[in-house]
Structure formats: C-alpha cells, structure tokens
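As structure tokens, the structure follows; a few thoughts come after it.
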Amino acid sequence: MAAIDGTYVGRDTAAGTTDRIFALVRLAKPGIVAAVLLAGYAGMVTAARGFPEPRTAALCLASLLLAAAGAAMLNCILDLPLDRNMGRLLARVKALDAVGTRPALRTAGACIFAALFVALALNRLFFLLVLAAVIFYTVIYTLILKRRFAWGAIPGGIPGALPVLIGQAAVTGTCDTAGVILFAIILLWQPPHFWLLALRCRDEYRAAGVPVLPVARGESHTKVMSLAFTGALLPATLALTLAGCSSPWFAAVAAALWVWFLAACCRHAVATRRFERAFRASVVYLALLLLAVILDTVIVR
C-alpha cells in the first residue's frame, strides 16, 4: 500500500528530478563556465577601468553563463559517439543517458536562445560575439577542427578567448588594446592546456579516432610544442604593461606566474610524465592571471 499511496511515488519523482538537474549541470561543464565568466568579467573591468556598472555586468554574465552552458551541453550531445570510447568521460556519458538526448538538446537550445535574447539588451557587437563564440565552439571546433586536424586546438581556442572581448563589448560596445592582448594571451594558453590533457588521455583519443597532436605527432613533438606556446605567454602578458594597459605590479606577478607554470610543465609533463598535474597547473595559472588583471585594474591602477 505504501508503494501506491503516493508517498513513495512522490519521493521517487523528486529524486529523479534532482538527478536530472545534477546531470544537466554536469553536461553544462561548470568548470569551463566558471572560466568563461572570469574571463568575461576581466574584459569588463579592463574596459570600464574599474568595476563595471552593475546592470551591464549582470546582463553580460547572465548571457555568458547561458551561452557557455548551452554550448557545452550541445558539445556533449555532438561528441557522444566519441565520448563513449573515453573512460575519463564516462560520467558525462551517464549524465546524458540519464537526461536523454532530446531533453538535453531542448535545454541547450533554450539556454543559447536565452543568452542571445539577453545579449540584445546590450549592443550589437556583444550579440555578434556571443553568437560567434557559440557557433565556433559547437560547429567549427566540435564537428570540424577536433575531428580532422591535429592542430585543431590552436584555432579551437578562439571561443575560449572571446569572452574577454565579449566583456569589453558589453561595457563600451567596442574592444580596446587590453582586450586584444588578453584575447591573444588566452589563445596562446589554450593549446598547451589542451595538449597536456591530451597527453594524459592519448590512448582514449586514439580509441575514439580523434587525431589530437599526441596521437598524430607523438609525445615528444607535443611536449616541445607545449613548451613553445607556454614560453610565448611571457612576452604576451608583459605586453599589457608595455602597452600601458597594466602596472609594473602586474608585470611582476605575471612573470612570477609564468615561471611557476613553466616549471610545472617541465617537471610534471617533461621530467616525470605526470600530465594531470601539469594540466591542473595550467588551470591555476590562467585563473590567477585573470584575477591579477582584475585586481591591478580596480586597485593598483
């Protein structure tokens, strides 16, 4: 009787709904969404030369959150045949199975539509950049670059770098020198960040038929290229100060972060082959660098 009087049925329904919500959150890739929001806020701060106006900041971050979450869900749907061959993505596959492809697709579409609707409340450039980021990530990168080219991670970093320009566009309707340099920094950071992960998971990428650089060119070549792009981050970050967009304090912090990141790559990726640690160091490096940009703009300068 207890099973049919509504008590247990209601609990099961609530539990099922909660499980689907958590599954959708996993499909939205909250770590990537957080990085997108941080980059977008850094762009707003540099454009405003301080804290952005609250309404503008709220609309910008809401649009970025919805666009990034929707694009991530769509990426999970499109990559499902590949992800089933990759052990590290088993939780993502299970999450999509729990939600269902069609409900996930509807949710992704709703998030992207809402993001573009919010974007219209700001300005045309903001709207176009958000749209470009979604299309580049879900179509150009996911369906073309990732599946066909070993060097796809280089242009594939464009949608990840666009949030700083999107943040600037939200505030001023344009993009200035600081935004362009920040865009270049994230574009340079993206390939070694991805390649370090690909080195750790190269057998899974090979099984999935994805021609990432470690699969197509080998481990040694990938390490050399990762160090080369990591090395290029130093002059790129110092360019912010040389262009008058940041203070000497930021230059010192950026140089220290770069030394730490390069050392982590040499130690964990080259010497000991602990690629996961080097990958995590890349995440910490970018987060601290963007926080330094924000602090330098609102406090130091």
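The values are calculated or read from the model by the stated rules, or taken from the named source; none is laboratory data. Just so it is clear, the structure is predicted and the values come from calculations on it, not from any experiment. Glycine also receives a Cβ, built like all others from the backbone with ideal geometry; neighbour counts cover every protein chain displayed. What goes into the accessible areas is simple: the full protein's heavy atoms, side chains included, and nothing from ligands, DNA or RNA. Shrake-Rupley method; radii C 1.70, N 1.55, O 1.52, S 1.80 Å.
Here are the numbers for this structure:
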| read-out | value |
| --- | --- |
| Residues that are more than 29 Å from Leu240 (Cβ to Cβ), without any contact (Cβ under 8 Å) to a residue 60 or more places away in the chain and open to solvent by 30 Å² or more (accessible area, probe 1.4 Å), drawn from segment 180-216 | Arg202, Asp203, Arg206 |
| Only listed residue being of a type outside the set (Lys, Arg), part of a helix (DSSP H, G or I) and farther than 19 Å from Leu74 by Cα, chosen from Leu165, Leu131 | Leu165 |
| Contacts under 7 angstrom Cβ, first residue in segment 77-88 being free of Cβ contacts under 8 Å to residues at least 24 places away in the same chain, partner β-branched (Val, Ile, Thr) and open to solvent by 50 Å² or more (accessible area, probe 1.4 Å), 6 or more apart | none |
| Lone qualifier among Ala71, Ala110, Ala95 - being over 17 Å from the mean Cα position of the chain (by Cα), of a type in the set (A, V, I, L, M) and crowded, with 20+ Cβ neighbours inside 10 Å | Ala95 |
| Qualifying residue in segment 43-53 (condition: farther than 23 Å from Leu286 by Cα, in a helix (DSSP H, G or I) and either modelled with pLDDT under 95 or out of contact with any Cys (no Cβ under 9 Å at 6 or more places or on another chain) (or both)) | no |
| Failed item in (1) part of a helix (DSSP H, G or I); (2) open to solvent by 40 Å² or more (accessible area, probe 1.4 Å); (3) modelled with pLDDT under 95; (4) closer than 26 Å to Val284 by Cα, with Trp151 passing the rest | (1) |
| Residue in segment 217-266 that is nearest to Ala198 (Cα to Cα), counting only those that are in a loop (DSSP other than H, G, I, E, B) and open to solvent by 40 Å² or more (accessible area, probe 1.4 Å) | Ala243 |
| Flag if Val270 is at pLDDT below 95 and not in a loop (DSSP other than H, G, I, E, B) | yes |
| Every pair of residues 6+ apart whose Cβ atoms lie under 9 Å, when the first sits in segment 236-253 and is touching a residue at least 60 places away in the same chain (Cβ under 8 Å) while the second is part of a helix (DSSP H, G or I) and among the acidic types (Asp, Glu) | Leu240/Asp296; Ser246/Asp296 |
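Let's see how each residue does on (1) basic (Lys, Arg); (2) out of contact with any Cys (no Cβ under 6 Å at 6 or more places or on another chain); (3) modelled with pLDDT of 95 or more; (4) exposed (fewer than 15 other Cβ atoms within 10 Å of the Cβ):
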residue	(1), (2), (3), (4)
Leu64	no, yes, yes, no
Asp83	no, yes, no, no
Ala114	no, yes, yes, no
Phe117	no, yes, yes, yes
